Structures are given as C-alpha cells and as structure tokens.
Amino acid sequence: MKFNFVNFLIFILCLVSCINQDKEFKEYGYSEKDKDNLKVSLQIADFRTYGEFRDRIREITCNDSLPKITINKNKVTRNIYPLERCDPGFFDPEQKHYVTFTDGKAYHEGYYSKKINLDSLGKLLQNEFSYHMTSKSIRNLECYLIIIESERTENLDGIENFLEKITRDFDNLKTNLKLKIAFWEVVPPILPLPATKTSYEY
C-alpha cells in the first residue's frame, strides 16, 4: 500500500512539473528583479471603469511599488509593467503613439480618426509606435512606445485583447528594445463660454 502511495505521489509531482514547464512567462516594460516583493499584480477584469484602473496604477506607483498587469492566455503569462511616475515631468510625444479606446474599440491618432485593425498591429507597431529620441533614423530607435488613453467613465472592453495581441506581435520582432506602455486619461476639451450680450451706457 505504501509503495502504491509513493508511486502515486511521484506521478502527481511529475504531472505538476510538466504543467509548470508548459507555462511561458514574458515581461514588458521595466521589471526590476530586485523588487519582486514590491510588484502588485492587476487583472483588467477586476475594474469597472478606466478611471478606477488608472487610479490604481497611480496609487501603487506612488506607494513605492510596481504595478504589474497580468494577462494569462494560451499557456502564456504576459506581465506588463506600465510606464508611470508619481511625479511626472512634462512629456508630450507625437500623436502617432496614442491609442484611444471608446466603446470597446481602439482608434489611432485621436477620436474616431482611424479604427485600428487588430490583425495589422505588427505593421502599426513598427511604423507608428517606434520611438525615436532625436531623429526618425532607424539607428536612433530607442524603444516602442504606446500611450493608451480613454475617458474615466469608459469601461475596459477591448483593452486586454489589444494588449495581448500587441505584445505577441512585439515578440515577433525579436528585438532587444523595450516595449513601453502608458495609460493616460482623455481630458475632455474645454468649450468656450457662450457669448453674452451686454449693454453699456455712456
């Protein structure tokens, strides 16, 4: 009886080991190895609105921890470390780096201008999301930068699927450069006040 139990235990351990080996882990952005105990995992599905999600990323960052967006799909765990600073300096990249989410759909270069085809993200990644510090020359390519933005009240439909696909296409580039992803809020335009008629007496 003992012999059978030991064999059964060995079989279970081998099975668990094989399952763990099948799981692949990938990381995007800056993940400091010496700060593993400070990483806070986030699941997009746990948030009701984009504003809540954005606030949580900032809260984690401003408490000296590292937000980590985790996506599990097709036996691959993708950990995305968003580009976020508690005391952000002025940074205004070209419009080509922006992806705006509205009603679960992704648009490029502002509201409703170009709906993104998720099947052609690889081309978009290379042409639009390549970040050049000083020049558009390929020799000065610093990283790949994507700024995802949405209004606070929007839901998060489509964002996880977009992240999974864009990171998969990034893997296909087989580059040593970083993929940096930031989450910003769309600030509604301030409309001018309506003109009022005033009468002056002289």
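Rule-based calculations on the coordinates, nothing more; no lab input. Predicted, not measured: the structure shown is a model, and the values here were computed from it. Reconstructed Cβ throughout: ideal geometry from the backbone, glycine too, with neighbour counts over all protein chains shown.
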Starting from the Cα gyration tensor of segment 33-94, multiply each eigenvalue by 5, take the square root, and state the resulting semi-axes largest first in whole Å. 21, 16, 13
Skipping prolines and chain starts, which residues have an amide H placed within reach, meaning under 5 Å, of the one on Thr77, given they are 5 or more residues away or on another chain? Glu24, Phe25, Lys26
Kindly provide the chymotrypsin sites (Phe, Trp or Tyr not before Pro) of segment 35-135 that DSSP labels as loop, not H, G, I, E or B, and whose Cβ sees at most 15 other Cβ atoms within 10 Å. Phe90, Phe91, Tyr111, Tyr112
Segment 23-185, dipole about Cα centre (Lys/Arg Cβ +1, Asp/Glu Cβ -1), debye to the nearest 20: 640 debye
With 0.36 nm assigned to each residue of separation and the Cα-Cα distance removed, Lys105 to Lys35 gains 21.7 nm
Once the principal axes of the Cα atoms of segment 23-185 are found, what is the range along each, listed largest first in whole angstroms? 39, 38, 35
When DSSP assigns beta bridges and you keep just the ones with both residues in segment 23-185, what percent turn out antiparallel, to the nearest 5? 40 percent
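Kindly state, to the nearest 0.05, the FRET efficiency for Asn155 paired with His132, given R0 = 41 Å and r defined as their beta-carbon distance.
On the way: r = 34 Å, r/R0 = 0.82.
Efficiency for this residue pair is about 0.75.
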Contour minus end-to-end for Asn74 and Glu185, with contour as 0.36 nm per residue of separation and end-to-end as the Cα-Cα distance? 36.9 nm
Förster-model FRET efficiency, 25 Å R0, Asn117 and Ser65, C-beta, rounded to 0.05: 0.10
